1. When both residues are 6+ apart or on different chains and their Cβ atoms are under 8 Å apart, which pairs have a first residue that lies in region 264-276 and is free of Cβ contacts under 8 Å to residues at least 12 places away in the same chain, and a second that is surrounded by 16 or more Cβ atoms within 10 Å (Cβ to Cβ)?
2. Name the residues in region 66-114 that are surrounded by fewer than 18 Cβ atoms within 10 Å (Cβ to Cβ), of a type in the set (S, T, N, Q) and in contact with an Asp or Glu (Cβ under 8 Å, 6 or more places away or on another chain), would you?
3. Can you tell me how many residues in region 231-250 are among the basic types (Lys, Arg) and in contact with a Lys or Arg (Cβ under 7 Å, 6 or more places away or on another chain)?
4. If I go through region 140-190 residue by residue, how many of them are among the charged types (D, E, K, R), more than 20 Å from residue 52 (Cβ to Cβ) and over 17 Å from the mean Cα position of the chain (by Cα)?
5. For region 387-398, state whether one or more residues are within 22 Å of residue 322 (Cβ to Cβ) and surrounded by fewer than 16 Cβ atoms within 10 Å (Cβ to Cβ).
6. Scan region 136-152 for residues that are outside any loop (DSSP other than H, G, I, E, B) and either farther than 24 Å from residue 68 by Cβ or in contact with a helix residue (DSSP H, G or I) (Cβ under 8 Å, 6 or more places away or on another chain) (or both) and jot them down.
7. Tell me whether region 33-46 contains one or more residues that are hydrophobic (A, V, I, L, M, F, W, C), modelled with pLDDT of 95 or more and surrounded by fewer than 19 Cβ atoms within 10 Å (Cβ to Cβ).
8. Report every pair of residues separated by at least 6 positions or lying on different chains whose Cβ atoms are under 8 Å apart, first residue within region 218-230 and without any contact (Cβ under 8 Å) to a residue 24 or more places away in the chain, second surrounded by 17 or more Cβ atoms within 10 Å (Cβ to Cβ).
Amino acid sequence: MRPFKSLIPLEVALDIVKNTVNPIERTEEIAIDSAVGRVLSEDIIANMDVPPFDRATMDGYAVIAEDIYGAGQSSPKKLKLIDVIEAGEVSEKTVRSGKCIQIATGCKMPQGADAVVMMENTEEDDAEIKVFKPLHPRANTSGQGEDISAGSTVLCAGELLNPSRIGVLSAIGMQKVRVYERPNVAIIPTGDEIANLGDDLKEGQVYDINSYTLSAIVNENGGIPIRFEIIPDIYEDIKSAMERAVRQHDLVAFSGGSSVGERDILCDIIRELGEVLFHGVQIKPGKPSLFGVIENKAVFGMPGYPTACMSNGYRFLLPAVRSLARLPKKIDIIIRAKMAKRIVSSLGRSQFLTVRLEGDIAHSVFKESGTITSMADADGYVDIPANVDLVEKGEEVDVILL
């Protein structure tokens with residue numbers, strides 16, 4: 001066992017990760033109904049006008065605006081109704097002076113008409129329509145191409161597809177779209193002390209938690225988690241899994257094997273096959289965080305304890321996966337709250353303090369690094385800076401929601 005020679009600040013570790021992870025270049029074509037949350041890999045050029053025709057934006061009567069100039073409550077203009085256009089229909093008739101056509105919202109404007117008078121500003125008397133309000137030309141209509149014009153760039157490469165942008169694609173008739181692939185992330189649990197779910201636990205064993213929590217973080221942030229079988233603490237077995245993971249996947253995350261108390265296996269393997277960029281960070285929990293690069297692939301070594309592993313997953317793996325997937329930085333939702341009790345932190349280490357909110361009061365739920373309920377019972381966490389060793393009861397803090 002070798003002790004940590006030095007710990008680096010959290011901010012430095014995050015910068016190293018950011019500068020190491022290269023966004024994915026592979027693309028694929030997918031149906032637009034499964035494209036929400038994906039990132040466009042090419043500009044989208046409209047091949048048609050939207051709307052493809054002049055249309056009514058209100059229920060009412062298609063008229064010639066000049067015919068109703070001067071209309072008022074005491075002096076309505078009278079027009080002859082010559083047709084009715086229901087939703088999805090098109091009229092073959094032409095509106096001429098003194099005539100009008102009833103029209104539904106979204107319908108194509110009939111030839112000759114240049115405005116739509118709203119239903120509530122009219123009164124129908126048999127086939128005669130009284131109009132009580134004047135309009136200017138183009139009133140209550142939208143012109144062909146007013147929303148999107150053919151040949152225009154409607155979406156740009158690198159944009160995140162949200163529901164409204166999916167709507168843009170459907171508006172121009174696109175059924176498929178080319179996006180960047182979701183990165184494959186190898187999640188590799190290690191250790192003789194963990195067992196697969198469903199197996200009978202041997203003396204001293206616990207079930208594998210970390211590969212499932214890390215997989216959930218990856219899946220929630222644009223990646224595809226690939227869980228490996230549990231690897232025993234044997235150098236050649238871990239090295240073989242590492243080589244396979246680096247060869248087949250875009251990013252690799254091990255849980256367990258990063259602590260100096262675990263024979264330094266993972267650290268030595270990364271050093272043998274590539275480069276260790278840091279080992280040991282000024283954070284609590286998660287001090288033995290390990291990060292390196294092998295064949296231009298980022299490799300994380302997460303602590304084996306569930307809370308330390310998961311908090312590191314949020315701090316390091318989450319932004320790395322989002323960067324790899326070309327997703328924008330996650331926007332934290334922050335709630336201002338008061339600490340329920342005094343918290344003594346570790347000076348020199350940034351602390352990820354999990355808390356539960358009751359109104360505007362934040363209660364610490366952190367027990368120890370090995371307890372998953374330290375995370376499961378939490379609504380969020382307080383990031384206590386490395387230069388703060390005491391947070392007083394009643395002191396206001398920022399709670400970052402999980």
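1. none
2. Those that are surrounded by fewer than 18 Cβ atoms within 10 Å (Cβ to Cβ), of a type in the set (S, T, N, Q) and in contact with an Asp or Glu (Cβ under 8 Å, 6 or more places away or on another chain): 97, 105.
3. 0
4. So the answer is 2.
5. Yes; the residues of region 387-398 include at least one that is within 22 Å of residue 322 (Cβ to Cβ) and surrounded by fewer than 16 Cβ atoms within 10 Å (Cβ to Cβ).
6. 148
7. Yes, the conditions are met somewhere in region 33-46.
8. Here the result reads 219/225, each pair linking region 218-230 to a residue that is surrounded by 17 or more Cβ atoms within 10 Å (Cβ to Cβ).
The values are calculated or read from the model by the stated rules, or taken from the named source; none is laboratory data. All values reported here derive from a predicted model rather than from experimental measurement. Positions of Cβ are generated from backbone atoms using ideal geometry, with glycine treated the same way; all protein chains shown enter the neighbour counts.
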